[in-house]
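To start, the structure under review is shown below, and the notes come after it.
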């Protein structure tokens, strides 16, 4: 990278400001997060180790998994194949997928989905009794399994929580709800051996405590709340990524943020979680039109309205700029009320609550933040660069998604790699490689932003490192975040202050990557570098915290996972 692409390093503290741990607990493994990745990992681990601690930020059902509408992708049709699924994934990833990780995903995925069925997940069925499969953008086969029409994530979450409930009296598994993991704890050799966490409310644990373990699995979801508008729930504040960054783990591909092209447009000034209009609606035949009623995806991409999400999102941004509008429209009227109500009951109900009837009216849509393709770097076993630390789901960067996630691969990734992590940890415990944790107490270098700064972080990230970026916009956003982090003015630790600080820490790293990558690829669009540049940028940007700041490195694709 040329020197002119670099931004000033900003020092990030090792720990968030927090009280001294007032209680302690121990487990073989701590799993943080209760989406598909965390629940699957915890259940699988309990079959193989003596004691598992599952920590979740609010309640078990409140993670991002429950919001997943489209479904879970797997080559379940006899006419489909893992190889075809692999090729579609590689194309969507725009040259930056790790093929070994993708191959693990697509070959192990069908069996993992069948295990979900055996666990009690009720997928929608075709007339012959088999799982009904549909198609979404970027897929050349019908391979999307869904439940309740557009409530797939909620059904998978229900089944996994029910499985957990069946063993909840097992003394070998403990669940702590309403618990925010503040920081990772490390032993004298740097191995991750526990966490500090804050539990809100009454019960056996309250306030700040410490949990020790042989290994920690981060399955804390994404960073959606870093932007003004997102499809992510309010708990998605990048906590796992930020804690890993502060502990010295490598984070990779943060600049590749997927903005879902069809999020219900609620008007200028709408903030927080916005209603998603699933890509599956276009998969069933809906199409995009501009304010004059003209279709505009033909000619943009051979798959037209079912092109990969980054392509559709960019086309919408371009069309709104051309027409002077702030959104486009999705036309599903020809599908009819009966079909829409059966196939997409949640979407139809939500639209009608907001005064829009998809059966008779155009649906106003615009891109909003949806998914983070980057995160904590892991190998195919889910291991991070810190011994004892694993990451899974949206928190992780397994290499599966590359520069842009293929539709409905996220639930499958969480499922497949959760199994891989559990099996790797169990094997290492059996081999004596993961000794019981002996972490050093947190202390010394701390920082905390005032929770009042959250809106400023979100506005800066949306304006400067959102769907379209430039060198000037990312430089300005970086300056805003650097000033906030450098000031770290909060004196009273609160959940809101911890979340705000996490957003700022991850936002800084993301912004640096978005500034440095001088090309447009996948979920990263640079208006000042509108073309893909394989000569200079067929590789990955990674971040690691040092005593002076967060160091940025570039590694070519062929070297990136050796």
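Restricting the first member to region 112-127 and to residues that are modelled with pLDDT under 95, and the second to residues that are surrounded by fewer than 20 Cβ atoms within 10 Å (Cβ to Cβ) and part of a loop (DSSP other than H, G, I, E, B), the beta-carbon pairs closer than 6 Å and six or more apart or on different chains are 124/132; 125/132; 126/132.
Count of region 128-165 residues, restricted to those that are part of a loop (DSSP other than H, G, I, E, B), in contact with a helix residue (DSSP H, G or I) (Cβ under 9 Å, 6 or more places away or on another chain) and either without any contact (Cβ under 8 Å) to a residue 12 or more places away in the chain or buried (at least 19 other Cβ atoms within 10 Å of the Cβ) (or both), is 11. Highlighted here are the helices (runs of 4 or more DSSP H) found entirely within region 304-371 that include at least 2 residues which are at pLDDT below 95, crowded, with 17+ Cβ neighbours inside 10 Å and touching a strand residue (DSSP E or B) at 6+ places or on another chain (Cβ under 7 Å): 309-323. For the condition modelled with pLDDT under 95, touching a strand residue (DSSP E or B) at 6+ places or on another chain (Cβ under 9 Å) and crowded, with 24+ Cβ neighbours inside 10 Å, residue 513 does not qualify. Counting the residues of region 279-300 that are surrounded by fewer than 16 Cβ atoms within 10 Å (Cβ to Cβ), farther than 19 Å from residue 339 by Cβ and modelled with pLDDT of 90 or more gives 5. Of all residues in region 233-248, none satisfies being surrounded by fewer than 21 Cβ atoms within 10 Å (Cβ to Cβ), assigned by TED's automatic domain parsing to the domain that holds residue 341 and in contact (Cβ under 8 Å) with a residue 12 or more places away in the chain. Going by the structure shown, is residue 508 farther than 26 Å from residue 385 by Cβ, assigned to a helix (DSSP H, G or I) and in contact with a helix residue (DSSP H, G or I) (Cβ under 6 Å, 6 or more places away or on another chain)? Spelling it out, it is not the case that residue 508 is farther than 26 Å from residue 385 by Cβ, assigned to a helix (DSSP H, G or I) and in contact with a helix residue (DSSP H, G or I) (Cβ under 6 Å, 6 or more places away or on another chain). Working only within region 486-507, note down all residues that are under 20 Å from residue 543 (Cα atoms) and in contact with a strand residue (DSSP E or B) (Cβ under 7 Å, 6 or more places away or on another chain). Hit for region 486-507 is 501, nothing else. Filtered by the rule that a residue be modelled with pLDDT of 95 or more and out of contact with any helix residue (DSSP H, G or I) (no Cβ under 6 Å at 6 or more places or on another chain), region 215-236 gives a lone residue, 216. Scanning region 550-562 for residues that are touching a helix residue (DSSP H, G or I) at 6+ places or on another chain (Cβ under 9 Å) and under 21 Å from residue 508 (Cβ atoms) yields a count of 3. Of all residues in region 211-241, those being assigned to a loop (DSSP other than H, G, I, E, B) and at negative phi number 15.
Scan region 118-136 and give yes if some residue there is within 23 Å of residue 396 (Cβ to Cβ) and under 21 Å from the mean Cα position of the chain (by Cα), otherwise no. The answer is yes; a qualifying residue exists.
The values are calculated or read from the model by the stated rules, or taken from the named source; none is laboratory data. The structure presented is a predicted model; accordingly, all values stated were derived computationally and were not measured. Cβ: placed from backbone, ideal geometry, glycine included. Neighbour counts: every protein chain shown.
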